[in-house]
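Quick notes on the structure that follows.
The values are calculated or read from the model by the stated rules, or taken from the named source; none is laboratory data. Computed from a predicted model, the values in this text were never measured in an experiment. As a convention, Cβ positions derive from the backbone with ideal geometry for all residues, glycine included, and neighbour counts pool all protein chains shown.
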DNA sequence: GCCAAACTTTTACCGAGTCAAACTTTAGGC
DNA sequence: GCCTAAAGTTTGACTCGGTAAAAGTTTGGC
């Protein structure tokens, strides 16, 4: 029952192979146009095995979610004393952007990814569900800290809104054809704008139409 | 091509019949345990007809969404001059609660509804998708007013977070068995707490763990 | 080398959703 | 009141995602 036996390595290799083959096909032809049976065949494996590793078809494409979730929760839960969740997440977003991480939203190499994502309703639905999971995870951390269930849920929701709005703003611009470097530079201000709204409120929003 | 011919009335009657039959079955036995074929048979109609009126199975249960969306958008778009979107929506939520509207979250007659909703992942996913549609609709209104795409999206997201958090808080309590009248009374404060957070920010959130 | 556990494959199945063609009902001109 | 055309419904066959169970194959421990 060793964690690094031949068995375990083979499993991870198979999992990675399936994921790679699937992503390749999705980016070539789109999510809905590729069937699971086809992926299985292309990966030299049976359909059941695919579902063994990835419970839903959408997870074949959005398989980094678990890592992202864990990282975000860790940023909030393990923040230094005296640092608010807002400040911790704000810094984290800046760091992601600076390091060119795909999840910063503004990074090359991924226009294909966003095309696939945005052109499949099923994939978008799962994406939103994952955002909800992030909000729930934040809420859990805050409840443990404060004991206030409703306020925790609200704050978790507001923070998640900031993170996802920042992300999808960049994604939208890149899909619209904006230059990746320009988007990337301007994301710094976008991140601050988002977290400022959460931190200080929407006081100055125009009161009426016109 | 009259809007009120026999044809149109029959269509609406059929639609309502299917929806009623479906909701009844769902509440009796749960969403996943009822098949579309079964609903069709119970309504004396073919499976294709069901999908004619309701493109997805989930829409059979969540068929009030279009109305809810239109109402919320109208509240924001047609608010009186000098009233902020936050104030308009805050008042609207109070009004829904006072009038005993199901969408206020705290109303009797609907524990069955929430049980069905919360016990089906597919239904919850669609529910979240509808919340996203609300946020998108708000954003569209704000973009038309202000021209600032990112800020509009952010504010729309924050407001939607308030609305949905208020709702799901009530739903959670009622599902947990709390007395409906108690929940209802306390919702007034919950609504204000939610919109206060959006309006004035999360300044005073505890900075660190402990 | 052998046994047992873990992993994979096979086969069969179910339910959601689509498509096209046949069929029935209604609207509206004559 | 008919007759036709369009709108709505049904039928039947099909695709695809996903599950279940059982048989087959590989791996680890002894």
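Some points to look at:
- Look at (1) at pLDDT 95 or above; (2) under 17 Å from residue A:151 (Cβ atoms) and you find that residue B:156 fails only one, number (2).
- The set of residues from the range A:42-75 being within 11 Å of DNA strand C (Cβ to nearest atom) and more than 30 Å from residue A:163 (Cβ to Cβ) comprises A:43, A:44, A:45, A:46, A:47, A:48, A:49, A:50, A:51, A:52.
- Condition met for residue B:44 (out of contact with any helix residue (DSSP H, G or I) (no Cβ under 6 Å at 6 or more places or on another chain) and in a loop (DSSP other than H, G, I, E, B)): yes
- Residue check, residue A:115 out of contact with any strand residue (DSSP E or B) (no Cβ under 7 Å at 6 or more places or on another chain), surrounded by fewer than 19 Cβ atoms within 10 Å (Cβ to Cβ) and touching a residue at least 24 places away in the same chain (Cβ under 8 Å): yes
- Among the residues of the range B:141-161, those that are at the interface with another protein chain (Cβ under 7 Å from one of its Cβ atoms) and crowded, with 24+ Cβ neighbours inside 10 Å comprise B:153, B:154, B:155, B:157, B:158, B:161.
- Selection status of residue A:166, surrounded by fewer than 22 Cβ atoms within 10 Å (Cβ to Cβ) and more than 8 Å from chain B (Cβ to nearest Cβ): no
Quick grid of which residues meet (1) within 17 Å of the chain's Cα centre (by Cα); (2) free of Cβ contacts under 8 Å to residues at least 60 places away in the same chain; (3) farther than 27 Å from residue A:99 by Cα:
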{"site": "A:121", "(1), (2), (3)": "yes, yes, yes"}
{"site": "A:134", "(1), (2), (3)": "yes, no, no"}
{"site": "A:151", "(1), (2), (3)": "no, yes, yes"}
{"site": "A:162", "(1), (2), (3)": "yes, no, no"}
{"site": "A:181", "(1), (2), (3)": "no, yes, no"}
{"site": "A:190", "(1), (2), (3)": "no, yes, no"}
{"site": "A:198", "(1), (2), (3)": "no, no, no"}
{"site": "A:202", "(1), (2), (3)": "no, yes, yes"}
